[in-house]
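The values are calculated or read from the model by the stated rules, or taken from the named source; none is laboratory data. These numbers come from a predicted model, not from an experiment. Cβ placement follows ideal geometry from the backbone for every residue including glycine, while neighbour counts extend to all protein chains displayed.
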């Protein structure tokens, strides 16, 4: 290799280390790599920016809007209400979740599917008296498996197909090309979960007053000049609140625990409650209660309650406040939102709210201006679970949204129009017919994901252009002793390992040019290897950080990190073994 190859290889290693070991946003890492490659002349401007015009990327963006149309029209609720009903056992409940979630995720981006299902599953779990911790991991895993059923099931599949077309000049894969692999793998995964998960999944419920509720720690302050000063806890109406309990009062550095009903409230008392979201929102409407200010001073958020919204949000691994105390992170000034409550692993976080150090996966209840939600389109510090003041779905459009989705899938499947055009037309129809508003369509576009994908193409192109992909391919061939099955195994294992440490899209885009070089040098059929990349990039079960839907259910399910390792690692191994078996049995590895 020449100097360009060594720089590209060094840059690739640097990118992998930054993505795996730091909290720098993936799109910033990838755009920085693109800038270096273009700036020093390894790629010309056309090559560096080719990812932004790739058909796979544009299809991904259009499918975000299609998913938003089904989501905001209540299309998902339509089937959920008909299919869940009242199972009597955990195994039966898990099986009821699979049908709608796998179906939805096969044709929609699984993030809005899981976001819609989380509150529905929470409410359903209380109704059927089964802990949410028994249902949330199956929800995420079912969404992941469902995404492997079709080419539009995940953004990774679309991106790999788009990059494959760019690098090879081939026409790419059809809508259901991957179904021959994804369907048996999904069915095997369902059986695995039904057999083992009822015993393996943790039971986070208890027999106390908050059983089956995700507890938050909420801190509020008694307004110093408000009507509650001088009243007892009972007369202030704070004694018998539904689904919420006053656990302590902090007053001038002293703590009052096991608070008696005749305790006299004083101005600036810090009141600590535990309970669930809806009860907390009722508490905040009491005259004389204000959110606790982290810095001890009044802020614009504490002055008025108009034009506010309550939002449940999960802290992303890329959040700049991770590892810092809420007060030290200047959370209110940084995000324009007040932290009202914190839950971690389904349990309230004890201690002063301002001193709680945030961790990835923490669930926060925020009081924010409506602009906060809009900003999250560009700043993925949080995975929004539930905008508690969100406009209701347009249920009368539910059947129409499904008609549009089925129409675009059918037209692309039979070859009437290309997948790109089908997605674009479907996105346009969702907006024109009112299944989602323009504002909702804009919010659905995950800009950081789109930028990460587009910029990743530049690094993949550089790997191929400079000969790095060829060099790495030769090493893989040598390491596998020329055995095709060993190369397939190494392909799956490498992508799976990268997916657990960096983003799945980046793992797939970086590996594809290497695998194409390897199959070319060894005269192998590249199709099973490409399917191995798609499957391994999706099959991320072992950590809550490996896949976005895992992180989304982390807080609502009350899970610990070890729960995912205990349950997800066997799932990773099993799904990997089934995938490789299907590929080895169903496809010739050598060219005919």
Pairs under 9 Å by beta carbon, first residue closer than 20 Å to residue 192 by Cα in segment 79-91, partner in a loop (DSSP other than H, G, I, E, B) and at pLDDT 70 or above, six or more apart or different chains?
87/130; 89/130; 90/130; 90/131; 90/135; 90/201
Does segment 337-358 contain any residue that is touching a helix residue (DSSP H, G or I) at 6+ places or on another chain (Cβ under 9 Å), at pLDDT 85 or above and farther than 17 Å from residue 244 by Cα?
yes
Report yes if some residue within segment 291-313 is out of contact with any strand residue (DSSP E or B) (no Cβ under 9 Å at 6 or more places or on another chain), surrounded by 12 or more Cβ atoms within 10 Å (Cβ to Cβ) and either modelled with pLDDT of 70 or more or not in a loop (DSSP other than H, G, I, E, B) (or both); otherwise report no.
no
The one condition residue 513 fails out of (1) modelled with pLDDT under 85; (2) within 21 Å of residue 58 (Cα to Cα) is (1)
What are the residues in segment 452-489 that are over 22 Å from residue 10 (Cα atoms) and at pLDDT 80 or above, if any?
483, 484, 485, 486, 487, 488, 489
Some residue of segment 471-491 being in contact with a strand residue (DSSP E or B) (Cβ under 8 Å, 6 or more places away or on another chain) and in contact (Cβ under 8 Å) with a residue 40 or more places away in the chain
yes
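Conditions (1) closer than 18 Å to residue 153 by Cα; (2) assigned to a helix (DSSP H, G or I); (3) more than 18 Å from the chain's Cα centre (by Cα), marked per residue:
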site	(1), (2), (3)
505	yes, yes, no
508	yes, yes, no
535	yes, yes, no
543	no, no, no
573	no, yes, yes
580	no, yes, yes
Does segment 436-446 contain any residue that is surrounded by 24 or more Cβ atoms within 10 Å (Cβ to Cβ) and either outside any helix (DSSP H, G or I) or more than 19 Å from the chain's Cα centre (by Cα) (or both)?
yes
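To keep it simple, each residue is scored yes or no on (1) surrounded by 23 or more Cβ atoms within 10 Å (Cβ to Cβ); (2) at pLDDT 90 or above; (3) in a helix (DSSP H, G or I).
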| position | (1), (2), (3) |
| --- | --- |
| 119 | no, no, yes |
| 126 | no, no, yes |
| 139 | yes, yes, yes |
| 163 | yes, no, yes |
